[in-house]
1. With 29 Å as the limit, write out which pairs from LYS175/LYS207; LYS45/LYS233; LYS215/LYS249; LYS50/LYS217; LYS164/LYS247 have Cα-Cα distances beyond it, or answer none.
2. Just the Cα atoms of segment 27-249, one point each, no solvent: what log10 I(q)/I(0) does Debye give at q = 0.08, 0.11, 0.14, 0.16 Å⁻¹?
3. Listed highest first by mean packing, meaning other Cβ atoms within 10 Å per residue, what order do 237-249, 58-70, 130-142 come in?
4. Rounding to the nearest 10 and keeping the result within 0 to 90°, find how far the Cα-based axis of helix 77-88 lies from the longest principal axis of the chain.
5. Report, in degrees rounded to the nearest 10, the 0 to 90 angle that the Cα long axis of helix 3-27 makes with the longest principal axis of the chain.
6. Given N residues in segment 55-150, what is Rg(Cα) / (2.2 N^0.38 Å)?
7. In degrees between 0 and 90, to the nearest 10, how far off the longest principal axis of the chain does helix 231-249 point, with axes built from Cα atoms?
8. Ignoring everything except DSSP H segments at least 4 long, calculate the 222 nm mean residue ellipticity for the chain; use -39,500 (n - 2.57) per segment, divide by total residues, nearest 500.
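Taken together, the values in this text are just the output of simple stated rules run on the coordinates, not laboratory data. Predicted model only: the values in this text are computed from it and were never measured. Neighbour counts run over all protein chains shown; Cβ positions are idealised from the backbone, glycine included.
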Amino acid sequence: MKPVLSLVLTLFLLFSSNISFGQTVNNELKITQITGDFYVYTTYKMFGTKKQDANAMYVVTPEGVILFDSPWDTFPFQSLLDTIEAKHHKKIILAVATHSHEDRTSGLDFYKQLGIKTYTTKQTDEISIEYERPRAEFLIEKDTVFNVGDFKFETYYAGEGHTKDNIVIWFEKQKILYGGCLVKSIDAKDLEYVGEANVTEWPNTIKRVQTKFNKPKFIITGHHDWKSIYSLKHTLNLLRANEKKNKYKK
Ligand SMILES: [Zn+2]
């Protein structure tokens, strides 16, 4: 082969393999049953060379599916709806985002167009306006109890942590705590992205969650492995380690 042609071919192969690699990651969707009608769905996005996962949750009720948080903005939203509909023969009727970051809110505009009822807190909405992030149609001003087709859950704002506006979701009957990014996975080695965090208040916020929701059977974290029930404690340990590290820095 002529050197120029082989170079062109190599470049083409490199280029096309990169594209297909990106598409695979962006389209990847993992659905895992938590228990009964509760599922975690995970999507992936490349940040530089690092593949980052994001966990969200959905619940299949007789009236339709409730979605807690969005896939990454690189994931094709329609494909999530199609997969859930094909798997459970139910439509998504309600979507709640637990703070304003892209791994929580990115699907809101898309859902709204389809007539899915979208919710965030007013506090999240204020941040979304400021940073021009997707916004929900309906706003909740304080902790709210939702009843959807035999399922009851409450939203709880325990204070600042990963972000100013992070809320958690609690299913009392099933003892399922959806912690989102406020709660760090047992696999997390540090607090990860803290650009909008309040690390001073975060421990108090975690303690409020622990006090309010007694003995959760499942705690769903925003990233990484969510199968441990020690993730609230682990979050406190990471916060303590972080505080120590900062003290030595000073
Ligand atoms: Zn997150």
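1. From the list (LYS175/LYS207; LYS45/LYS233; LYS215/LYS249; LYS50/LYS217; LYS164/LYS247), the Cα-Cα distance tops 29 Å for LYS215/LYS249; LYS50/LYS217.
2. Normalising to I(0) and taking log10 leaves -0.26, -0.49, -0.82, -1.11.
3. Answer by packing, highest mean first, reads 58-70, 130-142, 237-249.
4. Its long axis makes an angle of about 70 degrees.
5. That helix lies at roughly 20 degrees to the long axis.
6. For segment 55-150, the normalised Cα radius of gyration is 1.02.
7. The answer is roughly 80 degrees.
8. The helix contribution divided over the chain gives -11000 deg cm²/dmol.
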